[in-house]
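To start, the structure under review is shown below, and the notes come after it.
Taken together, the values in this text are just the output of simple stated rules run on the coordinates, not laboratory data. Worth saying up front: this structure is predicted, and the values here are computed from it rather than measured. Don't worry about glycine lacking a Cβ; one is built from the backbone with ideal geometry, like all the others, and counts go over all protein chains shown.
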Amino acid sequence: QVGPDGRKLWQAASRSRKFSVSYSLTELMALFLGRRFFDFLSGTLLEEDFDNVLSRVESQLGRAKDREKARKLGQKLYLVHEGPKKLPKRSREILDDCLDGLLKEEKLAVHYKSSAGKESDYTLCPYTLVAFKRGLYLIAAVEEWEGRIGRFALERIQKAEWKRGEGFEY
């Protein structure tokens, strides 16, 4: 299908055919290249979900020829940048708890080890998750700091516990 601006559109439809979404080749390329920006999330829930979305987009493309072209995009687009921060194995559970607190606007109890090696316990009110220089940072109000805002590198969080039911106000 060709769009009103003359660009070729790739069509993705739901199995029930109640709706469809069209993608241009450059939009698909942007999606696959965007995935490369987050390859440092290996082994996390976000990596799995990103891959699931891309798989669904591929599977919904109408023609087998278009599906094959979309699959090859992942092999044809590479992003070379600085090395990723190393996320320890425990980061998957930590990230899951941080995302739960962030999305549900509920507090987190964290044990954090600073770059200087100092360990501290904090109660955080998570505001946002930032990807910066291939690392993840949690921006949060810190109760122990009278609500001042702090930045916490995910790889330095030693332990996180989502405090179910303990909401906060921005």
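Under a model in which nothing but the beta-carbon of Lys, Arg (+1) and Asp, Glu (-1) is charged, region 99-144 shows a dipole of about 340 debye around its Cα centre. Among the listed pairs LYS65/LYS89; LYS72/LYS159; LYS89/LYS133; LYS118/LYS163, those with a Cα-Cα distance over 27 Å are LYS65/LYS89; LYS72/LYS159. In straight-distance terms, cross-link reach from LYS107 covers every one of the aspartates and glutamates whose alpha-carbon lies under 12 Å from its own, apart from those fewer than eight places away in the same chain; here that gives ASP97, GLU143, GLU161, GLU166, GLU169.
Shown here are the Rg and Dmax of the Cα trace of region 88-148, at 11.6, 32 Å. Add +1 for every Lys or Arg and -1 for every Asp or Glu among the other residues with Cβ under 11 Å from the Cβ of SER115, and state the total. Neighbourhood net charge equals +2.
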